[in-house]
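Down below is the structure, laid out as structure tokens.
Nothing in this text is a laboratory measurement; each read-out follows from the coordinates by a stated rule. Fair warning: this is a prediction, and the values are worked out from it, not measured in the lab. Ideal geometry is used to build each Cβ from the backbone, glycine not excepted, and the neighbour counts take in all protein chains shown.
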């Protein structure tokens with residue numbers, strides 16, 4: 001869990017990382033979250049700050065009406081996270097619950113690679129792949145369901161593998177950081193230390209690394225062309241572990257997308273800027289925006 | 001050109017259809033449009049109505065800032081349609097320029113099959129395929145570029161044909177009404193009277209009609225699954241000539257989409273309700289909404 005205390009201007013006053021006790025089950029994960037929030041609030045008070053709002057982002061599907069979260073990774077199923085948070089921290093603070101990737105996209109939009117755009121995409125390629133879509137100036141919610149670009153099909157026929165989601169040929173099965181490491185290991189029988197090692201092997205001229213990399217690039221290119229055709233972003237910010245490859249990733253994506261587009265508006269393809277802190281910063285921005293909206297009497301987002 | 005006079009409550013006071021002189025070139029098409037608008041305004045005045053706004057929808061890419069339209073079908077390339085319209089009808093009326101399919105979607109949202117939805121899709125399958133996307137309660141514009149679902153790739157490998165747009169394997173090459181008729185003719189050597197005849201042959205048990213139909217359904221199912229995963233609509237309204245097939249089209253799409261979804265929210269798949277008038281009604285709704293927004297001092301949409 002990446003967490004911190006963030007001032008209204010986006011300055012990070014304190015940051016820390018805590019373990020997520022996944023193996024202990026959903027209740028333990030929730031308890032660890034509540035404990036973290038309470039302890040951070042105590043630390044803020046001890047440091048002389050006033051906590052105005054708490055932003056929590058999770059890798060799951062949020063039911064905004066009921067304040068519940070379903071997240072396979074955390075063993076949560078319609079878990080009443082919002083109510084538990086409110087009970088734990090008291091009623092003086094605003095509490096905001098959001099999807100982690102969408103929060104990351106919000107941070108990139110507010111202070112990162114997507115600043116100034118009205119139609120854009122934040123696409124972190126990490127353990128999984130999800131996307132934050134900015135459409136006509138707003139971050140898309142789709143009642144919590146939108147943005148699952150990682151679970152759209154870009155591998156066809158006999159090459160398609162089954163995804164953890166149950167579908168076949170999802171982008172995530174071929175182009176996530178986890179997929180690159182897994183596919184390299186399956187291909188060579190050699191277990192590697194994540195996508196980072198595959199990228200190192202690629203730089204050293206390893207032929208198997210080149211194959212799994214090329215396959216990932218082909219699927220990603222397809223996905224960006226599809227997204228560009230359907231939603232017309234002016235900028236696409238790639239994040240997550242894979243973007244550690246830098247231009248090795250970005251240059252062929254740009255060339256591949258450019259070569260495929262005919263009538264569409266061509267997006268810039270850039271690296272995301274906020275790295276692993278994007279989700280935390282987005283949680284803070286969303287929480288502060290909620291405070292500002294409340295103060296101005298506007299409807300909350 | 002489908003045109004009419006529409007009251008503020010959506011009642012159609014007059015409707016007519018005029019030819020589009022495509023073969024005479026872009027200037028002739030524009031002149032015919034201007035003439036139509038002027039004559040309809042005169043008719044309205046003669047009937048004792050006051051024209052408050054003119055809504056014009058076109059099958060092309062609109063540059064909202066400059067009021068220009070590019071539309072291959074009409075031989076328009078950055079043609080200053082808005083300025084010409086304003087010059088032709090005078091400055092007393094609001095003029096609104098919009099994309100025809102998005103306007104159709106707006107009408108379905110206001111009075112048709114998408115009424116009451118906040119995340120939904122209008123997908124007319126006609127000569128071509130474009131889509132109107134409703135996301136978080138708003139019709140998506142993407143600066144005029146969004147919604148080109150017909151030009152995303154759902155035919156792969158050697159089966160992919162080149163599309164008029166220059167790309168390969170577009171949905172439009174296999175699942176538009178025009179594609180069905182063309183593919184049946186190519187397969188059998190027998191020219192048919194549009195998709196309608198293919199649908200009739202299908203009902204009569206024609207094996208070739210069954211093949212082209214099945215291929216269209218497979219690509220459409222893929223497209224709806226992709227769209228559902230990415231944008232999470234609660235309802236999808238299919239329009240255009242193909243929906244004349246009714247449940248022959250809709251039932252297998254529903255079954256196909258249902259069978260493929262795993263974690264996604266399943267959308268209703270229904271027939272659009274407004275038929276060929278959707279674009280005209282959408283133009284009118286958009287124009288009236290512009291008038292209402294002006295009167296209330298709000299920003300125009």
Binned at 10 Å from 0, what are the whole-percent values of the Cα-Cα distance distribution for the stretch A:141-224, short to long?
19, 47, 27, 7, 1
How much of the DSSP bridge set in the protein assembly as shown is antiparallel, in percent, rounded to the nearest 5?
55 percent
Report the label-to-label distance for residue A:39 and residue B:15 in nanometres (one decimal), using points 7 Å from each Cα along the Cα→Cβ vector.
6.8 nm
Based on alpha-carbon centroids, what's the gap between the stretch A:81-126 and the stretch B:168-205 in Å, whole number please?
47 Å
Binned at 20 Å from zero, the C-alpha pair distances of chain B give percents of 32, 56, 11, 0
How do B:161-170, A:148-157, A:38-47 rank on mean C-beta neighbours within 10 Å, highest first?
A:148-157, B:161-170, A:38-47
Quickly work out the residue A:164-to-residue A:276 label distance, labels modelled 7 Å from Cα along the C-beta direction, and quote it in nm with one decimal.
1.7 nm
Along Cα→Cβ at 7 Å, what distances in nm separate the residue A:193 label point from those on the other copies, shortest first?
7.3
Shielding by partners for A:141-153, please: the mean number of other protein chain Cβ atoms within 10 Å of each residue's Cβ.
6
Per-residue mean of C-beta atoms belonging to partner chains within 10 Å, peptide B:247-255:
0
Taking the convex hull of the alpha-carbon atoms of the stretch A:177-246 and averaging its shadow over every direction gives an area in square nanometres of 4.8 nm²
Based on the mean of other beta carbon atoms within 10 Å per residue, what is the order of A:204-217, A:177-190, most packed first?
A:177-190, A:204-217
Within chain A, percent of DSSP bridges classed antiparallel, to nearest 5:
55 percent
Taking residue A:78 in one copy and the same position in all the others, each labelled 7 Å out along Cα→Cβ, what are the pairwise distances from the first, in nm, shortest first?
5.7
Going from the alpha-carbon gyration tensor of the stretch B:113-273, what semi-axes, largest first and in whole Å, does one get by taking the root of 5 times each eigenvalue?
26, 17, 14
Can you tell me what share of the DSSP beta bridges in the stretch A:112-265 is antiparallel? A percent to the nearest 5 is fine.
60 percent
Evaluate the relative contact order of the stretch A:230-301 (contact order divided by residue number), counting alpha-carbon pairs under 8 angstrom at least 6 apart; express in whole percent.
36 percent
Whole-number value, in Å³ per residue, for the convex hull of the alpha carbons of the protein assembly as shown is 167 Å³
Placing a label point 7 Å from Cα toward Cβ, how far apart in nm is residue A:22 from its equivalents in the other copies, listed shortest first to one decimal?
5.5
Can you pull the mean other chain C-beta count within 10 Å for peptide B:160-172?
2
